[in-house]
Amino acid sequence: MLTCPSCNSEKIRRGGMAIWLVYLTLIVFAIAATLVFHLNAAIVAGIMIAVVVIAHLVFNQRVCLDCGHTWRN
Ligand SMILES: [Zn+2]
């Protein structure tokens, strides 16, 4: 069981600010791609899923729900 290195809490999850910035960027990109560039929605969805998977591998970050500490492992 993983615990927070800062406060030893077990209430941790994957995430952190970086992953949310990626999600926000993806949503903006998806809207722009479908509305402005008229890309196929299925292709855009496929790209988004791929980027989310890659982002989780790159930003392998965990966040503590008790103290807000984020760290890589
Ligand atoms: Zn903590």
All but one of (1) within 16 Å of the ligand (Cβ to nearest atom); (2) part of a loop (DSSP other than H, G, I, E, B) hold for Val63; state the number of the condition that does not hold.
(2)
How about the stretch 1-45: which of its residues are within 16 Å of the ligand (Cβ to nearest atom) and part of a helix (DSSP H, G or I)?
Met17
Inside the stretch 18-59, can you point out the residues that are in contact (Cβ under 8 Å) with a residue 24 or more places away in the chain, open to solvent by 40 Å² or more (accessible area, probe 1.4 Å) and out of contact with any Phe, Trp or Tyr (no Cβ under 9 Å at 6 or more places or on another chain)?
Tyr23, His56, Phe59
Does Arg62 satisfy the condition of being touching a strand residue (DSSP E or B) at 6+ places or on another chain (Cβ under 8 Å) and open to solvent by 80 Å² or more (accessible area, probe 1.4 Å)?
no
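The values are calculated or read from the model by the stated rules, or taken from the named source; none is laboratory data. Keep in mind it's a predicted model, so treat the numbers as computed, not measured. All Cβ positions, even for glycine, are placed from backbone atoms using ideal geometry, and neighbour counts span all protein chains on display. When the accessible area is computed, the model is the full protein with side chains, heavy atoms only, and any ligands, DNA or RNA have been set aside. Shrake-Rupley method; radii C 1.70, N 1.55, O 1.52, S 1.80 Å.
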